[in-house]
Amino acid sequence: MKKNSTKIRVRYAETDQMGVVYHGNYAQFFEIGRTEWLRNLGVTYKKMEDSGIMLPVINLQCNFMKSALYDDLLTIHTVIKKKPTVKIEFDYEIKNQNNELICTGNSVLAFINMKTMKPTRCPAYLLALLEF
C-alpha cells in the first residue's frame with residue numbers, strides 16, 4: 001500500500017459566498033493528491049503522456065462529512081491498496097488543520113494507449129516502483 005500526503009490552502013476562489021468550499025472543487029483536490037502521489041514516486045503525468053499513456057478518470061466518488069472553509073489548511077491523504085492492472089484506484093481522505101475529517105473519496109482511472117485510444121496495462125516502470 002503506497003500513501004502520500006499533500007497540504008493545500010483553501011483559496012477564496014474555491015469557496016461560495018458563505019466561505020465554504022464549493023463541492024465541485026473536491027475533484028480537483030483529489031487530482032492534486034494523486035498527481036503528488038505519482039510525483040512522490042518519481043513519475044509525472046507529463047512523463048506518462050510523453051511515453052504514450054494517458055489516465056482518464058472513469059469513476060469518482062466523494063463523501064462529505066464537514067465543510068472546508070476559506071483559508072483552511074487541508075491535508076489530502078492519497079493511497080492505493082490494490083496493484084494496478086488496466087485501471088488504478090485511489091482512495092482519499094481530506095482533513096483540516098484540526099485533523100477533522102472533511103471528506104473521503106475514491107477515483108478509478110484507466111491506462112489508455114494514446115495512439116490506439118484503447119485500454120492498456122499499467123506501465124512496467126510504474127509497477128516496479130509500487131512494490132506490490
Which of Thr35, Thr85, Thr116 has the fewest other C-beta atoms within 10 Å, and how do the rest follow up to the most? Thr116, Thr85, Thr35
Filter on Lys47/Lys95; Lys7/Lys81; Lys2/Lys95; Lys2/Lys46; Lys47/Lys118 - keep pairs with C-alpha separation over 28 Å: Lys47/Lys95
Suppose we look only past 22 Å in the calculated P(r) of the chain. What percent of the Cα-Cα pairs does that tail hold? 38 percent
At 7 Å along Cα-to-Cβ for each site, give me the label-to-label distance between Lys83 and Glu31 in nm. 3.1 nm
Residues whose modelled amide H sits under 5 Å from the amide H of Ala68, counting only those 5 or more places away in sequence or on another chain, are Val21
Amide hydrogen neighbours beyond the local backbone of Thr15, cut-off 5 Å, H modeled: Tyr22
Modelled label-to-label distance, Tyr22 and Arg9, 7 Å Cα→beta-carbon offset: nm? 2.1 nm
Take Leu41 and Leu127, extend 7 Å from each Cα along the Cα→Cβ direction, and tell me the distance between the two endpoints in nm. 1.2 nm
Can you tell me the orientation of helix 25-41 relative to the chain, as the angle in degrees between its alpha-carbon axis and the longest Cα principal axis, to the nearest 10? 50 degrees
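Readers should treat all values here as calculations from the given coordinates under stated rules, not as data from a laboratory. From a predicted model like this one, the values you see are computed outputs, not experimental measurements. We place every Cβ from the backbone using ideal geometry, glycine too, and count neighbours over all the protein chains shown.
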